[in-house]
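**Q** Could you have a look at this structure, given as structure tokens, before my questions?
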Amino acid sequence: MIELQNISKSYETGAGGYLALSDVSLRIEDGEFVAIMGPSGSGKSTMMHIMGALDTPTNGTYVLDGKDVSTLSDDELADIRREHIGFVFQSFNLLPRTSVLRNVMIPLIYEGIGGEEREMRARKALAAVGLDEEHFTHLSNQLSGGQIQRVAIARALVNNPTLILADEPTGNLDTKTGEIVLETFQKLNREEGRTIVIITHEQEVAEHADRIVFIRDGKITEDRKTDNSKTKKTI
């Protein structure tokens, strides 16, 4: 499903060249729940940007669903993001004075999908993340942090993406609320077979995944299964 082959990424800075990723190879299969973990500056965000078609590698190949993404134009990358990838960010990125339902429908508006189908798909996505229907008409700034993040996850689901990428999704949440959000990801992975990749620097967050890929200084240093993978049922 996802294959990074000998990926390197360098940037030019005022002090010269900076190598953010160095000859990284990684394969993630359909239906996996993977955490990419590393300290600040390790290269994990650069890897996420390449996986999310937000950036292209300097060298190497990125294959998503059989398509070589690493050579695409900006317009083609935008199509990949819209059609195949759902993003969840630490800062939520919801419109504050807009209803929950409309926040989730926004990606479908850009797709030109009709009103009835937009609402049906938005309601289905919100139900999938466990948000009570009574909250659908609330403004997003009337919700708790955990509820807001679940709305953001629903918005990522509404286009039925191949891959969900979550960048520090519990970073702005307290421990209890963060646990609820991580359980939501586990539910989507186990019950719907969603492929999920979480970027984090926290061990406790990473352990909710079935596999942890450790990265440091632009290189993968460890790739291991967690105890969750032993109890996971095949869908």
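The values are calculated or read from the model by the stated rules, or taken from the named source; none is laboratory data. Everything numeric here is computed off the predicted structure, so don't read it as measured data. Counting neighbours? That spans all protein chains shown, and the Cβs are built from the backbone with ideal geometry, glycine included.
**Q** So ASP227 fits all but one of (1) free of Cβ contacts under 8 Å to residues at least 24 places away in the same chain; (2) acidic (Asp, Glu); (3) within 22 Å of ALA127 (Cβ to Cβ); what number is the exception?
**A** Answer for ASP227: the failing condition is (3).
**Q** Quick check on GLU191: is it surrounded by fewer than 23 Cβ atoms within 10 Å (Cβ to Cβ) and either touching a Pro at 6+ places or on another chain (Cβ under 6 Å) or closer than 18 Å to SER42 by Cβ (or both)?
**A** no
**Q** Now a separate question. Of everything in the stretch 146-199, what is under 18 Å from ALA127 (Cα atoms) and acidic (Asp, Glu)? Give them in sequence order.
**A** Selection gives GLU183, GLU191, GLU192.
**Q** For GLY41, indicate whether it is small (Gly, Ala, Ser) and either closer than 30 Å to ARG224 by Cβ or in contact (Cβ under 8 Å) with a residue 24 or more places away in the chain (or both).
**A** yes
**Q** Testing PRO161 on (1) modelled with pLDDT of 95 or more; (2) assigned to a loop (DSSP other than H, G, I, E, B), one condition comes back false. Which one is that?
**A** So the condition that PRO161 fails would be (1).
**Q** Would you be able to say whether some residue in the stretch 169-187 is touching a helix residue (DSSP H, G or I) at 6+ places or on another chain (Cβ under 7 Å), touching a residue at least 24 places away in the same chain (Cβ under 8 Å) and of a type in the set (Lys, Arg)?
**A** No: the stretch 169-187 contains no residue that is touching a helix residue (DSSP H, G or I) at 6+ places or on another chain (Cβ under 7 Å), touching a residue at least 24 places away in the same chain (Cβ under 8 Å) and of a type in the set (Lys, Arg).
**Q** What do you reckon, is ILE36 of a type outside the set (D, E, K, R), crowded, with 21+ Cβ neighbours inside 10 Å and within 14 Å of the chain's Cα centre (by Cα)?
**A** Yes, satisfied.
**Q** Something else now. Which residues, taken from the stretch 81-127, are aliphatic (A, V, I, L, M), touching a Leu at 6+ places or on another chain (Cβ under 9 Å) and assigned to a helix (DSSP H, G or I)?
**A** Selection gives VAL100, LEU101, VAL104, ILE106, ALA122, ALA125, LEU126.
**Q** Look through the stretch 178-210, keep the residues that are small (Gly, Ala, Ser) and either in contact with a strand residue (DSSP E or B) (Cβ under 9 Å, 6 or more places away or on another chain) or not in a loop (DSSP other than H, G, I, E, B) (or both), and return whichever of them is modelled with the lowest pLDDT.
**A** Among residues in the stretch 178-210 that are small (Gly, Ala, Ser) and either in contact with a strand residue (DSSP E or B) (Cβ under 9 Å, 6 or more places away or on another chain) or not in a loop (DSSP other than H, G, I, E, B) (or both), the one modelled with the lowest pLDDT is GLY178.
**Q** Looking at THR56, THR61, which is the one that is part of a strand (DSSP E or B) and either out of contact with any Leu (no Cβ under 6 Å at 6 or more places or on another chain) or of a type in the set (Ser, Thr, Tyr) (or both)?
**A** After ruling out the rest, the residue left standing is THR61.
**Q** Give just the number: which of (1) within 17 Å of ASN159 (Cα to Cα); (2) exposed (fewer than 15 other Cβ atoms within 10 Å of the Cβ); (3) at pLDDT below 90 does ILE113 not satisfy?
**A** Tallying (1) within 17 Å of ASN159 (Cα to Cα); (2) exposed (fewer than 15 other Cβ atoms within 10 Å of the Cβ); (3) at pLDDT below 90, ILE113 fails exactly one: (2).
**Q** Sort out which residues of the stretch 128-157 are among the β-branched types (Val, Ile, Thr) and either buried (at least 23 other Cβ atoms within 10 Å of the Cβ) or assigned to a helix (DSSP H, G or I) (or both), and write them in order of number.
**A** ILE148, VAL151, ILE153
**Q** Just need a number here: residues in the stretch 81-104 that are over 17 Å from VAL158 (Cβ atoms) and either of a type in the set (Lys, Arg) or at pLDDT 90 or above (or both).
**A** The number of residues fulfilling the criteria is 1.
**Q** Run down SER22, SER70, SER40, SER8 and say which single residue is within 27 Å of GLY193 (Cα to Cα) and among the small types (Gly, Ala, Ser).
**A** None of the other options fit; the residue is SER70.
**Q** Can we say LEU4 is over 19 Å from the mean Cα position of the chain (by Cα), over 18 Å from PRO169 (Cβ atoms) and buried (at least 20 other Cβ atoms within 10 Å of the Cβ)?
**A** Against the criterion (over 19 Å from the mean Cα position of the chain (by Cα), over 18 Å from PRO169 (Cβ atoms) and buried (at least 20 other Cβ atoms within 10 Å of the Cβ)), LEU4 does not qualify.
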